[in-house]
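The values are calculated or read from the model by the stated rules, or taken from the named source; none is laboratory data. Computed from a predicted structure; not experimentally measured. Positions of Cβ are generated from backbone atoms using ideal geometry, with glycine treated the same way; all protein chains shown enter the neighbour counts. Only protein heavy atoms, including side chains, enter the accessible area calculation; ligands, DNA and RNA are left aside. Shrake-Rupley method; radii C 1.70, N 1.55, O 1.52, S 1.80 Å.
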Amino acid sequence: MELGVIGLGRMGRIVVDRVLDDGHDVVVFDIDEEAVADAADAGARPADSIADLADSLGEEKRIWLMVPAGDPVDAALDELDGVVDDADVIVDGGNSYFEDSVRRAESTDAAYLDCGTSGGPAGAELGFSLMVGGPEWAYEELTPVFDAVATGPDGHDRMGPAGSGHYVKMVHNGVEYALMQTYGEGFELLANGRYDLDLEAVARTWNNGAVIRSWLLELCEEAFREEGNDLGDVADRVEGGSTGTWTVQEALEQEIPVPLLYQALAERFGSRADDGRFSRRLASRLRYGFGRHDVPRR
Ligand SMILES: NC(=O)C1=CN([C@@H]2O[C@H](COP(=O)(O)OP(=O)(O)OC[C@H]3O[C@@H](n4cnc5c(N)ncnc54)[C@H](O)[C@@H]3O)[C@@H](O)[C@H]2O)C=CC1
Ligand SMILES: O=C(CO)[C@H](O)[C@H](O)COP(=O)(O)O
């Protein structure tokens, strides 16, 4: 298969590499010329613009968007408007708001797949978990690409119609916030409690057979190993927040109580007051662990 990839940052570049490794052809575009040149060095065919990328894909275009959510997605779709038709498939693998995805699916001439992507840049080797919404035929058509980008055939599935992929990913992120918060609070108690503990050793022990073992807990272990028992100069400030906000807004609209998800979001907003909480410093370092997001330092 031939795939066009637009957006070659932390995530898009992994999509390119994994699809190339699986033996497919890839055409790439990014507004950052250096990113295009790097991907070309890895074996992708470079394009000068989105129009050039679409042109070089010929009939039955398969295009993967991996640009920041919001305006960049609409800007890319505007450039594809009039260039794609109903035999073509566009995948949005970013963290788009699900209602935007429903609107985009209705307004583009191509079949549109909203694809929630989990695993982060740190998941490059293993492959991602992909939650896909949109027409069944388009999902089946793109299955070889999803097999390559995900951990394998079990690492992706069609969740339902347009919007459902990004809806499931939105809730995934709400859960992610709450898990980070609960690990943060546990380690805050251990860090300030009655014993002088080696927190990396605690995390390692928990990761070996404990009920609460997980990838986020492995990233806690990594954070203590790399930053030190007191998290060094990691500031008490957690960035991000949009996907968690959407999750809580949706829960309010559906009148479904999600107190833990709400509390985790509130803690994150509370971190902007800069009062030095250990739990939030660990949450900030974990965002680097899985997402390679910047860590504000003191
Ligand atoms: N970093 C992470 O842990 C995860 C990120 N995501 C989502 O994946 C998407 C991409 O994220 P990252 O790769 O981390 O971002 P990034 O900032 O590393 O890369 C974005 C790339 O898109 C390019 N770009 C921006 N506007 C463009 C346009 N109009 N046309 C062409 N290229 C354009 C930028 O030059 C950059 O290379 C976002 O929606 C993000 O929320 C999803 C799961 C995990
Ligand atoms: O989707 C992700 C991980 O699953 C991204 O890393 C996302 O950026 C995390 O959300 P936030 O930036 O609000 O912490």
Of all residues in the range 69-107, which are without any contact (Cβ under 8 Å) to a residue 60 or more places away in the chain, open to solvent by 30 Å² or more (accessible area, probe 1.4 Å) and either closer than 21 Å to A51 by Cβ or part of a strand (DSSP E or B) (or both)? D71, D74, A75, D78, E79, D81, G82, V83, D85, D86, A87, S107
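Conditions tested, residue by residue: (1) within 12 Å of ligand 1 (Cβ to nearest atom); (2) out of contact with any helix residue (DSSP H, G or I) (no Cβ under 6 Å at 6 or more places or on another chain).
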site	(1), (2)
G7	yes, yes
R10	yes, no
D21	no, yes
H24	no, yes
A47	yes, no
D55	no, yes
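For A138, state whether it is farther than 30 Å from D294 by Cα, in a helix (DSSP H, G or I), open to solvent by less than 10 Å² (accessible area, probe 1.4 Å) and away from ligand 2 (no atom under 16 Å from the Cβ).
Details: farther than 30 Å from D294 by Cα: yes; in a helix (DSSP H, G or I): yes; open to solvent by less than 10 Å² (accessible area, probe 1.4 Å): yes; away from ligand 2 (no atom under 16 Å from the Cβ): yes.
Considered against the rule, which asks whether it is farther than 30 Å from D294 by Cα, in a helix (DSSP H, G or I), open to solvent by less than 10 Å² (accessible area, probe 1.4 Å) and away from ligand 2 (no atom under 16 Å from the Cβ), A138 comes out as yes.
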Quick one: L197 ticks every box in (1) surrounded by 15 or more Cβ atoms within 10 Å (Cβ to Cβ); (2) not assigned by TED's automatic domain parsing to the domain that holds R103 except a single one, so which number is it? (1)
For A235, the lone unmet condition from (1) open to solvent by 20 Å² or more (accessible area, probe 1.4 Å); (2) in contact with a strand residue (DSSP E or B) (Cβ under 7 Å, 6 or more places away or on another chain) is (1)
Run A110 past the list (1) within 11 Å of ligand 1 (Cβ to nearest atom); (2) crowded, with 16+ Cβ neighbours inside 10 Å and report the number of the one that doesn't hold. (1)
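Being aliphatic (A, V, I, L, M) and over 21 Å from the mean Cα position of the chain (by Cα) is the filter here; which residues of the range 215-234 pass it?
Kept after step one, since they are aliphatic (A, V, I, L, M), are these residues of the range 215-234: 216-217, 219, 223, 231, 234.
Scanning the range 215-234 gives L231, V234.
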Could you list, in sequence order, all residues of the range 202-228 that are without any contact (Cβ under 8 Å) to a residue 60 or more places away in the chain, open to solvent by 30 Å² or more (accessible area, probe 1.4 Å) and either among the aliphatic types (A, V, I, L, M) or within 16 Å of ligand 2 (Cβ to nearest atom) (or both)? V211, I212, S214, E218
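Just a yes or no: is a residue in the range 14-30 outside any loop (DSSP other than H, G, I, E, B), free of Cβ contacts under 8 Å to residues at least 24 places away in the same chain and farther than 18 Å from M131 by Cα?
From the range 14-30, those outside any loop (DSSP other than H, G, I, E, B) are 14-21, 25-29; that's our starting set.
Filter once more, so that each one left must be free of Cβ contacts under 8 Å to residues at least 24 places away in the same chain: none.
No, every residue in the range 14-30 fails to be outside any loop (DSSP other than H, G, I, E, B), free of Cβ contacts under 8 Å to residues at least 24 places away in the same chain and farther than 18 Å from M131 by Cα.
Considering each of L231, L265, L252 in turn, give the residue that is touching a residue at least 40 places away in the same chain (Cβ under 8 Å) and closer than 18 Å to V171 by Cα.
Answer to the check: L265.
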For the range 31-50, enumerate the residues that are within 22 Å of the chain's Cα centre (by Cα) and either farther than 19 Å from L65 by Cβ or open to solvent by less than 30 Å² (accessible area, probe 1.4 Å) (or both). A35, V36, A39
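Listed here are the residues, each with its yes/no results for (1) open to solvent by 30 Å² or more (accessible area, probe 1.4 Å); (2) closer than 21 Å to G123 by Cβ; (3) within 16 Å of ligand 1 (Cβ to nearest atom).
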site: T243; (1), (2), (3): no, yes, yes
site: W246; (1), (2), (3): yes, no, yes
site: V258; (1), (2), (3): yes, no, no
site: F269; (1), (2), (3): yes, no, no
site: R280; (1), (2), (3): no, no, no
site: L286; (1), (2), (3): no, yes, yes
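Being in a helix (DSSP H, G or I) and within 16 Å of ligand 1 (Cβ to nearest atom) is true for just one of E222, E226, E250, E239. Which residue is that? Before you say what the answer is, go through the steps one by one.
Values: E226 fails: within 16 Å of ligand 1 (Cβ to nearest atom); E250 fails: within 16 Å of ligand 1 (Cβ to nearest atom); E239 fails: in a helix (DSSP H, G or I).
Step by step, each of E222, E226, E250, E239 is checked, and only E222 is in a helix (DSSP H, G or I) and within 16 Å of ligand 1 (Cβ to nearest atom).
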For N95, work out the one condition from (1) within 19 Å of the chain's Cα centre (by Cα); (2) over 30 Å from Q249 (Cα atoms) it doesn't fulfil. (2)
Taking only pairs six or more apart or across chains, which ones have beta-carbon atoms under 8 Å, a first residue in the range 145-162 that is assigned to a loop (DSSP other than H, G, I, E, B), and a second residue that is of a type in the set (A, V, I, L, M)? T151/L126; A162/V102; A162/A105
If I filter the range 154-175 down to residues being under 19 Å from L126 (Cα atoms) and under 12 Å from the mean Cα position of the chain (by Cα), which single residue comes out as surrounded by the fewest Cβ atoms within 10 Å (Cβ to Cβ)? H172
